[in-house]
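The next block holds one structure in the form of structure tokens; read it before the comments.
Nothing in this text is a laboratory measurement; each read-out follows from the coordinates by a stated rule. Everything numeric here is computed off the predicted structure, so don't read it as measured data. Every residue, glycine among them, receives a Cβ derived from its backbone with ideal geometry; neighbour counts consider all protein chains shown.
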Amino acid sequence: MKILSSEFEGQSIRRLYDEATETWWFSVIDIIEVLTGSSNAKRYWSDLKRKLAQEAGSEQPYEKIVRFKLPAADGKKRDTDCATAESLLRIVQSVPSPKAEPIKLWLAKVGYERMQEIADPAQALDRARQTWQQQGRSDKWIQQRMAGQETRNKLTDYWSEHGIEKGREYAILTNLIHQTWAGLSVAEHKEAKGLSSHNLRDHMSEAELIFTALAELSTRQIAERQQTTGFAENATAAKAGGRIAKNARQQLEDQTGQSVVTGANYLPPPSAKPAPLPAAKPRSSDKKNQKS
């Protein structure tokens with residue numbers, strides 16, 4: 001399965017695509033957080049599950065909930081409740097929120113866009129470019145972001161063909177490269193930028209993108225030269241590639257007096273006041289009591 005992270009009004013929603021069944025799975029917690037604005041979405045979801053179970057009796061309105069390991073804010077993968085768009089629509093209807101309708105439209109849009117991308121992969125690139133432009137990224141930044149992604153893809157292609165396990169080992173090697181060149185882990189870098197489940201690269205500066213790409217390019221070329229296979233050999237190549245970018249970073253910082261690694265991000269400014277939830281509609285019995 002391919003794990004992705006998309007943004008809805010500045011908040012990240014983790015999702016997976018199962019190519020075998022052509023099904024999208026979405027993190028329920030992320031959807032609940034968007035709908036409620038709650039700082040404890042896990043507790044809200046736990047209470048909601050209990051309420052739905054009581055109302056439905058023997059029927060489970062969330063019978064298609066499946067737990068997948070998704071990357072958390074600390075960079076580790078944790079079991080997370082996920083649901084299909086169909087199941088999520090039923091859950092969304094149970095949460096009083098002004099964002100319910102926009103979320104429904106977003107879920108439908110994601111499914112339609114994926115079908116388009118399968119038929120024409122270039123549309124995925126065009127859509128990503130349009131999203132970044134709407135978020136205020138410069139053309140130069142977008143060009144560097146897409147070039148860096150291509151460099152990343154070539155590295156993971158090499159890993160997949162030389163005994164590296166997708167998921168856990170990919171994450172460890174990626175963190176090793178990042179820790180070596182940047183001087184801090186992926187999780188620490190995200191924390192410095194004030195990010196949670198957001199994609200770190202989407203919030204990097206142009207310089208950070210360039211040095212990330214240099215580290216991964218160097219890692220791949222060293223691995224290809226040495227024909228590294230398995231985790232241990234590729235970990236050695238990852239450190240070597242990261243050191244090349246580290247040395248270049250330090251030389252640039254010595255010349256400019258400015259740090260390449262920063263806490264800057266592209267998050268939208270927080271709203272001054274969260275939108276209030278709509279009041280519950282009175283039941284018919286309540287209306288009769290009011291009249292009497």
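Which of the residue pairs 49/99; 76/99; 154/239; 49/193; 77/190; 140/193 have a Cα-Cα distance greater than 23 Å in the structure shown? Violating the 23 Å limit, Cα to Cα: 76/99; 49/193. Annotation: amide H of residue 80 within the under-5 Å range of 68, 69, 70, sequence separation 5 or more or interchain, hydrogens built in the peptide plane. Placing a label point 7 Å from the Cα of residue 73 along the Cα-to-Cβ line, the residues of segment 183-209 whose backbone N sits under 18 Å from it are 185-201, 203.
Amide H to amide H distances under 5 Å link residue 8 with 13, where only residues 5 or more positions off or on other chains count and H is placed in the peptide plane.
Backbone phi angles across segment 215-231, fed through the Karplus curve with coefficients 6.51, -1.76 and 1.60 (θ = phi - 60°), yield HN-Hα couplings of 5, 6, 5, 4, 4, 5, 5, 5, 5, 5, 5, 8, 6, 5, 9, x, 5 Hz in residue order; Gly and Pro are listed as x. Computed from the Cβ-Cβ distance with R0 of 45 Å, the FRET efficiency linking residue 252 to residue 55 stands at 0.15. What is the calculated FRET efficiency for residue 226 to residue 146, with r their C-beta to C-beta distance and R₀ = 30 Å, to the nearest 0.05? With a Förster radius of 30 Å, E is 0.60.
Computed from backbone phi with θ = phi - 60° and the Karplus coefficients 6.51, -1.76 and 1.60, the 3J(HN,Hα) list for segment 170-184 is 4, 5, 5, 5, 4, 5, 5, 4, 5, 4, 5, 7, 8, x, 8 Hz; x is used for glycine and proline.
Backbone amide hydrogens, once placed in the peptide plane, bring residue 163 within less than 5 Å of 230, excluding anything fewer than 5 places away on its chain.
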